[in-house]
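The values are calculated or read from the model by the stated rules, or taken from the named source; none is laboratory data. Because the structure is a prediction, the values reported are computed rather than measured. Cβ atoms come from the backbone with ideal geometry, glycine included; neighbour counts cover every protein chain shown.
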Amino acid sequence: MREFLQRYWVIVPVLASMASCSEQAPRGTMPTQIVSIDLVFKSVGATVPTDLTGSTAYESCLQRMDGLPNHVRASWRGNAISLLTETSTNVWAATFGDVPVGFTNTMTVHDTNECARDPDGNGHVVRGITVNGTVVDQVVGDDKTLVFEVRADGSVGGASR
């Protein structure tokens, strides 16, 4: 079983590097290192609309979030959904142990409170997000995709341009 899993540790980084949405990220190049990151998101509470029109739009926004609570879609995981855990009131977190070093990584962060603020949106947020203690706020595209790069020491910077 262990040998079987070891094979995937070679394939997963290659697939993760290929999943990045940036023009600068090399495709099909295996990262030399993978590091862990701690993502923390501070959600700002919002009042859920109670009128029929607002409530319907809010429910539609939640459906565009795949009907799930707060979560992240990360490029290094093929944009698969990773649920966030509420660690304290309005503070959500996740730890990822598979982030490629030196690559442009992208992610979208989804928050149900954002659906209450903007029911016509898709729940994406770009404020209040930190990775390994560094604010991540570089955005690309109209869908509010966040971009960052992790260094070998775990420090985080904006994506290379």
request  = Output the residues belonging to the stretch 48-64 that are at pLDDT 90 or above and out of contact with any Cys (no Cβ under 7 Å at 6 or more places or on another chain).
outcome  = Thr56, Ala57, Glu59, Ser60, Gln63, Arg64
remark   = A careful count of residues in the stretch 46-101 that are exposed (fewer than 15 other Cβ atoms within 10 Å of the Cβ), assigned to a loop (DSSP other than H, G, I, E, B) and small (Gly, Ala, Ser) gives 3
ask   = Are any of the residues in the stretch 143-152 within 11 Å of the chain's Cα centre (by Cα), among the polar types (S, T, N, Q) and under 16 Å from Asn70 (Cβ atoms)?
value = no
message = With the requirement that a residue be among the aliphatic types (A, V, I, L, M) and either closer than 16 Å to Phe96 by Cα or crowded, with 16+ Cβ neighbours inside 10 Å (or both), what does the stretch 140-154 give you?
response = Leu146, Val147, Val150, Ala152
ask   = Out of the stretch 117-138, which residues are over 21 Å from Cys61 (Cα atoms) and surrounded by fewer than 21 Cβ atoms within 10 Å (Cβ to Cβ)?
value = Thr130, Asn132, Gly133, Thr134, Val135, Asp137, Gln138
